[in-house]
Amino acid sequence: MNTSAPAKQQKAFKSLLPILAFIKPYKLMVFYALFALLLTSLVSLSIGQGVKYVIDKGFVAGSMSELQSSIFFLVGLIALLAIGTFCRFYLMSWLGERVSADIRKTVFNRLITLHPSYFEENRSGELMSRLTTDTTLLQSIIGSSFSMALRSLLMLIGALIMLLITNINLTMYILLGVPLALIPMKFHGKKVRNLASKSQDSIADIGTYAGEIIQNIKVVQSFTHEDKEKQAFAKEVEIAFNIAKRRIRQRSMLIASVIFLAFSAISMMLWSGGRDVLSGSMSAGDLGAFVFYAIMLAMSVGTIAEVYGELQRAAGSATRLLELLSVETEIVETTSPLTLSNTGENSITIKNLSFNYPSRPEISALNNIDLLIPAGKVVAIVGPSGAGKTTLFELLQRFYDPQQGNILFNNADIKQLKLSELRKTIGTVPQNPILFSSNVWHNIKYGKPEATDTEVINAAKRAHAHEFIEQLPEGYDSFLGEQGVRLSGGQKQRIALARAILKDPAVLLLDEATSALDAESEHHVQLALKDLMLDRTTLIIAHRLSTVMHADLIVVMDNGSIVDIGDHESLIASSALYQRLCELQFDQNKDL
């Protein structure tokens, strides 16, 4: 077990090496920063000689002119140190912020291209923690801790050399303390690393929990679970605090142990050096310079011990980030994509399609689906919940790839098409439209970012949304809140419709777009949909069969399979499931 510990520790620090790739583009800034670092280290070491000069030439010699010149020399060194420290701090901090921003962008760019099933298996709060907390920790390491560690290492080597030059015998006392200081670093360092990883995970748990509660605040309040959620959240926070407390304790013990051992060695050196000064074998200036270098060495060792703990934490963060960067999307684009035919047919052919969700591999979502969707026709898909209707929509947009079968768009397999071209051809209006925390302009323009204001307004008018938008406090500039919380369900649906109209897709997917609306909102949405479906290939998922009775083709699904196809009249006569769905719905409407 002990033999594997160094290997694990080495592996942990190796995880920081790929981060160097993000530093590489800024080699010039690194050079300037290292130059400033070297300069400040040399000046700091020179101050020890300045101290010796002040004591021997000024205090001991009793010369006012020598004292004055030595003080000026010392002040000059301090001024140079201040300038060098400013440059070092600014350049290293800039580098840390820049690299952190680049890492954050790279991780986000990877996340946004991953397959949807990845987000089913990984919590959004944990991913956000990696994107924010972990990158911030790396920024602190690169911008501050790394600089401190490198400077302390240079100071340690320089101070040790100066100690040997000044007095070899006294240096032995110091050298006894340095190896002893490595013992607590070895012992506590491993514990700090493990606890740091647990601490990061616990922070991610807090973010996930809080995000979910805030997002569903109305549900929490409607069930009067405020006190319960307060207690549950407090429990999560306390768990994180207890882990952090253990980590802090280990780091504190590490730093305290190093400082105690280092300064104990200095105390022993002072006892021996004081005897040498009293006996005349050593000057007071030499002792003063020696003490200065010894303290510098001790502080360097203490700083390295502290940074060592930070590097242990950073190693954990780097590992978590590199895990994200190593994830490959399961939706792989072909290297030689076909060009989508511009014939205007927009027909869809589904052949022998079978699919199981990656998160539920034992349950079949679709079974041997064969379907031809003619160009320019309105095709309705009906069936009970869990029949596979929405799954079919997700496969058409290639959010997932089927385990078996093919989907052809204008006789081209969608796997052979460029993803961006395929998805630009398809417009979706879901049952629960997703709006962004921005204004009306942004939410409608999401369908076509380069659209003019006139095009946005025309799309809103066609979606029967312009009138209520104009009544908002700031019209199209009105902020809609998180997920459009300031709008009603019908208003959000019409914003989503305006977005789809602006996109002007060749194929339209309507996923129960009116099922959750009141009668007046449904009336407006139906008018907008009628306009939107004109001369397009349209697929409609609907529980309200009254909305699809006039579809060109109705597909009846159950348990992931197609059980019947026809129009309303033929299905009423031939499909027992369709008859039952109609009877249940129309009987309910009659009772109402």
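Condition first: surrounded by fewer than 23 Cβ atoms within 10 Å (Cβ to Cβ) and more than 18 Å from the chain's Cα centre (by Cα). Now tell me which residues in the stretch 123-144 satisfy that.
Gly143, Ser144
Kindly indicate which of Glu455, Glu421, Glu474 is out of contact with any helix residue (DSSP H, G or I) (no Cβ under 7 Å at 6 or more places or on another chain), touching a residue at least 40 places away in the same chain (Cβ under 8 Å) and of a type in the set (Asp, Glu). Lay out the reasoning, then the answer.
Numbers: Glu455 fails: out of contact with any helix residue (DSSP H, G or I) (no Cβ under 7 Å at 6 or more places or on another chain); Glu474 fails: touching a residue at least 40 places away in the same chain (Cβ under 8 Å).
After applying the criteria, what remains is Glu421.
Kindly indicate which of Ile363, Ile381 is out of contact with any Cys (no Cβ under 6 Å at 6 or more places or on another chain), in a strand (DSSP E or B) and of a type outside the set (S, T, N, Q).
Ile381
To keep it simple, each residue is scored yes or no on (1) within 27 Å of the chain's Cα centre (by Cα); (2) in the same structural domain as Leu114 (by TED's automatic domain parsing); (3) modelled with pLDDT of 85 or more; (4) surrounded by fewer than 19 Cβ atoms within 10 Å (Cβ to Cβ).
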{"site": "Gln404", "(1), (2), (3), (4)": "no, no, yes, yes"}
{"site": "Asn411", "(1), (2), (3), (4)": "no, no, no, yes"}
{"site": "Trp441", "(1), (2), (3), (4)": "yes, no, yes, yes"}
{"site": "Lys445", "(1), (2), (3), (4)": "yes, no, yes, no"}
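I'd like the full set of residues that are within 30 Å of the chain's Cα centre (by Cα) and at pLDDT below 70, limited to the stretch 6-47.
Residues satisfying the conditions are Ala7, Lys8, Gln9, Gln10, Lys11, Ala12, Phe13, Lys14, Ser15, Leu16.
Filter the stretch 251-275 for residues that are without any contact (Cβ under 8 Å) to a residue 40 or more places away in the chain and more than 45 Å from the chain's Cα centre (by Cα) and give the result.
Ser267, Leu270, Trp271, Gly274, Arg275
Evaluate the stretch 58-70: report whether one residue or more is in a helix (DSSP H, G or I), over 30 Å from Thr391 (Cα atoms) and at pLDDT 80 or above.
No.
I need the full set of residues from the stretch 367-393 which are touching an Asp or Glu at 6+ places or on another chain (Cβ under 9 Å) and closer than 18 Å to Leu532 by Cβ, in order please.
Ala375, Gly376, Lys377, Val378, Val379, Ala380, Phe393
Leu114 versus (1) outside any helix (DSSP H, G or I); (2) without any contact (Cβ under 8 Å) to a residue 12 or more places away in the chain: which is the lone unmet condition?
Looking at each condition in turn, Leu114 falls short on (2).
Tell me which residues, restricted to the stretch 538-582, are basic (Lys, Arg) and touching a strand residue (DSSP E or B) at 6+ places or on another chain (Cβ under 8 Å).
From the stretch 538-582, those basic (Lys, Arg) are 544, 580; that's our starting set.
Correct list: empty.
The values are calculated or read from the model by the stated rules, or taken from the named source; none is laboratory data. Remember, predicted model here, so these are calculated numbers, not experimental data. All Cβ positions, glycine included, derive from the backbone under ideal geometry; neighbour counts span all protein chains shown.
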